[in-house]
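Take a look at the structure below.
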Amino acid sequence: MTARASGEDQLRDLARLRRVRDRIDRDYAQPLDVEALARGASMSAGHLSRQFRAAYGESPYSYLMTRRIERAMALLRRGEMSVTDVCFAVGSSSLGTFSTRFTELVGMPPSAYRKQAASAAGLVTGELPPCIAKQITRPVRNREAPTVAADLA
């Protein structure tokens, strides 16, 4: 195989990976799994997972869950929906799994986040632009959020 053919294969794989990432961003609330994403990209599930992790630094499932949690954070900040409604609105099928993953990424349970966002909204006189709010409230990946126990010590 020539270097050019290898480069073309890499570009083709990157284009497929971008389409997978775009699909996750667009269809995060739909039932998605790695096998279905891989079929849509004409790749095996294992190859998709390896390539996605190499390109984006996390697995497709982790990326999907992070997108869902980001959307959940936005819905919870609005305060119009219950935690259960938010859970199902972002595509999670289990409230327990949703709450656990939310706590891992955000550092607090969704109900506490909702209460904190509601109290902060009452104190803020002017709203932040959505692009700034998204940046400062973006969930932390890979269990990097501080735990409550660490704050108590």
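At-a-glance table
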{"item": "Number of positions in the range 40-95 that are without any contact (Cβ under 8 Å) to a residue 40 or more places away in the chain, on the phi < 0 side of the Ramachandran plot and outside any helix (DSSP H, G or I)", "result": "9"}
{"item": "The range 28-39, residues that are of a type in the set (Gly, Ala, Ser) and part of a helix (DSSP H, G or I)", "result": "Ala36, Ala38"}
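Any read-out appearing in this document is the output of simple, stated calculations on the displayed coordinates, not a laboratory observation. Note that the structure is predicted; figures quoted are calculated from it, not measured. Cβ atoms come from the backbone with ideal geometry, glycine included; neighbour counts cover every protein chain shown.
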